[in-house]
Amino acid sequence: MEEKRLDARQLAEALAARLRDPATVLETVEQAGSTVPLEWGSAWFTNSFANLAYFYLYLYHCLAEEHLLHHAMQYLRLAARATQDIPLTQPGFYGGSSGFAWIVGEFAEVEPRYTPLFQTMRSAVAEQVLATDWKRVQACVIARDYDVMSGAAGVLGYMVSLKELGAQEQDALSRLLDYLIWLGEPTERGAEHWLILPENYPSDKYRQDFPRGYFNAGLAHGIAGPLSALALAWQAGYRREGQREAMRHITEWLLRFSLHDTWGINWPVGVSIDYVPDKEAPLAPARAAWCYGAPGISAALRLAARALDDTRLSEIAVEGLETALKRPRDVQYVFSPTLCHGFAGLLTICMSFCRENHASLEPYLPGLIEEILQRAHPEHAFLLRDEEIPGHFVDDPGFLVGATGAVMALLATDTAVYPAWYRALLIA
């Protein structure tokens, strides 16, 4: 292993071997959590037994080895059991019931005995959506109301992937869709409904850059997430009054606050409510990642272009991703191998574009694959480590900022199996 670098399949098999024992996994997570906050949920989509269950299920689809399905089912049982102690009480995708429901649905496709659990989870998601107060009040919004991680965008992305919705599910989907249409409906500049005020900031670090309020532009926590969800709903046949106008308004806002440099188009993390284009210094660019910056936003614009049948918008989406990929590494501000803010996210978005015949992006795939592979080392507990801050490493087995997500991204480039988990990122 030290003499020859692993390829994608070998790395996947090696990580699967290291994750077989739940007790060892939890012990390593606990040790990592003693130096950096590392949450472990009951059945979350990431950082949980459910996360590991889906990892093994995806490997089973790709590698067709029966022992992988055995471990997948083992972890799914542990996840289901864990929800009895820590119930999933809200519908969010990454830390709530819809993410677990999606995972159980994937298992039901392989093994029908999971269908009753899937139906139970579907009903729970719908009930929680209908019980949630989706506030339509200007300047009272917080990111977790609408975002991909915990909010309406992530839940809607899940719901529009379902087949044969019941009456309660249809009501829940309509509630989410109407809320996101309201969020993105055309307004006067500076009065957009996704304005976040200082009292609703997730941490005080935002106050220095945005003292009076701001609009989040990213895919993970910003308006690009609702744009993706609205576009995916449109593609799935869920089309309501004002939906096209909301998508158009969001895309125009994103283009208005785009940045341009030596390499091409880019985007900031967010825009202050006080910012006036052409009268102030250019906004600072975000890192080139799924969570924030050109790659994630380009993925959202591509989905919107398809829904709006807008060829020019599709060209901008490809341009945004390609310019992000050709920027020098020190300008990309990417150094982790993981999905959220690292090379696996870049690789996954690039691969999703390539699957739609954007051949100009294919030459970037080998370099991104190599960036991840060269960070794999047998001395790391899970072979790959997260590095959110340069030089600060964390042994994390999770999907979004951990080893399983990075390895799944690699494996998706080495197999014909469609990565259904693209939906968790709202990029397809």
Hits in the stretch 260-285 (condition: open to solvent by 40 Å² or more (accessible area, probe 1.4 Å) and under 14 Å from V331 (Cβ atoms)): H260, D261, T262, W263, A284, P285
Selected residue [touching a residue at least 60 places away in the same chain (Cβ under 8 Å), buried (at least 24 other Cβ atoms within 10 Å of the Cβ) and either on the phi < 0 side of the Ramachandran plot or of a type outside the set (S, T, N, Q) (or both)] from V155, V160: V155
Complete set of residues in the stretch 317-357 that are in contact with a strand residue (DSSP E or B) (Cβ under 7 Å, 6 or more places away or on another chain) and more than 29 Å from F382 (Cα to Cα): E319, G320, T323
Pairs with Cβ under 7 Å, 6+ apart, first in the stretch 114-138 and closer than 15 Å to D171 by Cβ, second open to solvent by 80 Å² or more (accessible area, probe 1.4 Å): V129/R175; L130/D171; L130/R175; W134/R175
Pairs where the first residue, in the stretch 178-200, is farther than 13 Å from I250 by Cα and the second is open to solvent by 10 Å² or more (accessible area, probe 1.4 Å) and not hydrophobic (A, V, I, L, M, F, W, C), C-beta under 6 Å, 6+ apart: P198/R207
Qualifying residue in the stretch 388-397 (condition: more than 26 Å from E106 (Cβ to Cβ) and in a helix (DSSP H, G or I)): no
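Every residue, every condition in (1) within 16 Å of W267 (Cα to Cα); (2) hydroxyl-bearing (S, T, Y); (3) in a loop (DSSP other than H, G, I, E, B), yes or no:
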position	(1), (2), (3)
A300	yes, no, no
A317	yes, no, no
A324	yes, no, no
S360	no, yes, no
R375	no, no, yes
E379	no, no, yes
First in the stretch 246-274 and on the phi > 0 side of the Ramachandran plot, second anywhere and open to solvent by less than 10 Å² (accessible area, probe 1.4 Å), Cβ under 8 Å, 6 or more apart: G264/G320; G264/T323
Qualifying positions in the stretch 163-184 - out of contact with any Ser or Thr (no Cβ under 9 Å at 6 or more places or on another chain), among the charged types (D, E, K, R) and crowded, with 16+ Cβ neighbours inside 10 Å: D178
Hey, V148 under 23 Å from the mean Cα position of the chain (by Cα), closer than 21 Å to A220 by Cβ and crowded, with 24+ Cβ neighbours inside 10 Å or not: yes
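Rundown of residues vs (1) at pLDDT 95 or above; (2) open to solvent by less than 10 Å² (accessible area, probe 1.4 Å); (3) assigned to a loop (DSSP other than H, G, I, E, B), yes/no style:
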{"position": "A191", "(1), (2), (3)": "no, no, yes"}
{"position": "L219", "(1), (2), (3)": "yes, yes, yes"}
{"position": "P226", "(1), (2), (3)": "yes, yes, no"}
{"position": "A229", "(1), (2), (3)": "yes, yes, no"}
{"position": "A233", "(1), (2), (3)": "yes, yes, no"}
{"position": "R239", "(1), (2), (3)": "yes, no, yes"}
{"position": "R248", "(1), (2), (3)": "yes, no, no"}
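Any residue in the stretch 122-139 that is under 24 Å from L11 (Cβ atoms) and surrounded by fewer than 24 Cβ atoms within 10 Å (Cβ to Cβ)? Break it down into steps so the answer makes sense when it comes.
Keep residues of the stretch 122-139 that are under 24 Å from L11 (Cβ atoms), which gives none.
No - not one qualifying residue is present in the stretch 122-139.
Per-residue answers, yes or no, for (1) open to solvent by 10 Å² or more (accessible area, probe 1.4 Å); (2) of a type in the set (F, W, Y):
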| residue | (1), (2) |
| --- | --- |
| F343 | no, yes |
| C350 | no, no |
| F353 | no, yes |
| L368 | no, no |
| R375 | yes, no |
| E387 | yes, no |
| L410 | no, no |
| T415 | yes, no |
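The values are calculated or read from the model by the stated rules, or taken from the named source; none is laboratory data. Since the structure is predicted, the reported quantities are computational estimates derived from the model, not experimental observations. Backbone-built Cβ (ideal geometry, glycine too); neighbour counts: all protein chains shown. Quick note on the areas: whole protein, heavy atoms, side chains included, nothing else; ligands and nucleic acids left out. Shrake-Rupley method; radii C 1.70, N 1.55, O 1.52, S 1.80 Å.
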